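Trainee: Just dropping this structure here.
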Amino acid sequence: MKKLIVSVFAVFLAFMAIGCSKVPAGHVGIKVYLLGRDKGVDSEEIGVGRVWVGINEELYLFPIFKQNYVWTKDSREGSPEDESITFQTSEGLTVNADFGITYELDKKKITTIFQKYRKGVEEITDIFLRNKIRDVINSVGSKYEVASVYGSGKTKLIEEVNSILRKDLEPEGILIEKVYLIGEFRLPQQVTEALNSKIEAKQRAEQRENELAESIAEAKKKVATARAEAEANRLTQNSVTKTVIEYEKIKKWNGVLPVVMGGNSMPMIDVKSFTSNKTEE
């Protein structure tokens, strides 16, 4: 009898081990009924802990922490397959690039998400989100010229893609933090060479304009300096009167008159003239 009880208990434990599952930290569980009148998705979301999963049931786990995934051409990142995204510009030129995404699921809408997609988070990321992002990038990218995509328009394009994705997906419970470009856009080789040549020509033209502006500024500076010097000389000449000259002579005279003076010799200093001028002043 004891052996029978032990055997039954062992079978019960084994059955419990098979039917018992666990919702790990950072996840929400969704239970699905596979058969019977109640088959479908359970309306109750299951929190962290152990949960009984019967023969007629299946448990799906959804992470509620941030997810990050990349779609690249490099087999060492993301998938071994080429998952890069290609779109066309307004001229019809093909552009290829690697993209990444950071997002999270609204934990209050996990049931709604599963009811719509009937997939786990990996399938939602690999299939639905990639297709959605590719479609939006194609739609937005077709409005840009290739020169803009290659240059300053790149940031604006990515911002517009993010804005559309957030607006479309937030009501469904998919909260986009950002979709971002990895590396640079890949263009046809001949297009890249043509754009680089155009950029170099523009840079050379700007350099010549800067050099010309510097030369003009330097010439104006020299003209201004010459004019200032001429004006200073004019003011100096106008300020030198006979009185000033006589005053400078007196400052340097030692007070001794010449002992011998010729008939036509004049004193070095015209004291009378200086004194009369001084009196008049």
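The values are calculated or read from the model by the stated rules, or taken from the named source; none is laboratory data. These figures come from a predicted structure and were not determined experimentally. All Cβ positions, even for glycine, are placed from backbone atoms using ideal geometry, and neighbour counts span all protein chains on display. Each accessible area value is taken on the protein alone, full model and side chains, heavy atoms only, with ligands, DNA and RNA left out. Shrake-Rupley method; radii C 1.70, N 1.55, O 1.52, S 1.80 Å.
Trainee: Lys and Arg at +1, Asp and Glu at -1: add these up for the other residues within a Cβ distance under 11 Å of residue 184 and post the number. Don't skip to the end; give the middle numbers.
Mentor: Details: positive: 154, 186; negative: 98.
Local charge sum for residue 184: +1.
Trainee: Please compare each pair in 73/132; 73/154; 108/154; 22/109; 108/132 to a cut-off of 30 Å on the Cα-Cα distance and tell me which ones are over it.
Mentor: 108/154
Trainee: Let me ask something additional. For labels at residue 180 and residue 227 in the simple 7 Å Cα→Cβ model, what's the distance in nm?
Mentor: Going by the 7 Å Cα→Cβ label model, 5.6 nm.
Trainee: When the chain is fully extended, how far beyond the present Cα-Cα distance does residue 94 get from residue 106, taking 0.36 nm per residue of separation?
Mentor: Extending this stretch completely gives an extra 0.8 nm.
Trainee: Tell me the accessible surface of residue 177 in square angstrom (1.4 angstrom probe, heavy atoms of protein chains only), to the nearest ten.
Mentor: Residue 177 exposes around 80 Å² with every protein chain in place.
Trainee: In nm, what is the difference between 0.36 nm times the number of residues separating residue 215 and residue 127 and their Cα-Cα distance?
Mentor: Fully extending the segment from residue 215 to residue 127 adds 25.6 nm.
Trainee: Give me the extension gain from residue 234 to residue 65: residue separation times 0.36 nm, minus the current Cα-Cα distance, reported in nm with one decimal.
Mentor: Working: separation 169, 0.36 × 169 = 60.84 nm, distance 8.28 nm.
Contour length minus Cα-Cα distance gives 52.6 nm.
Trainee: Still on this structure, I have one more. Heads up, I need the accessible area for residue 118: 1.4 angstrom probe, whole protein in place, Å², nearest 10.
Mentor: Its heavy atoms expose roughly 130 Å² to the probe.
Trainee: Report the relative contact order of the range 46-133, percent, no decimals, based on alpha-carbon pairs under 8 angstrom and at least 6 residues apart.
Mentor: 26
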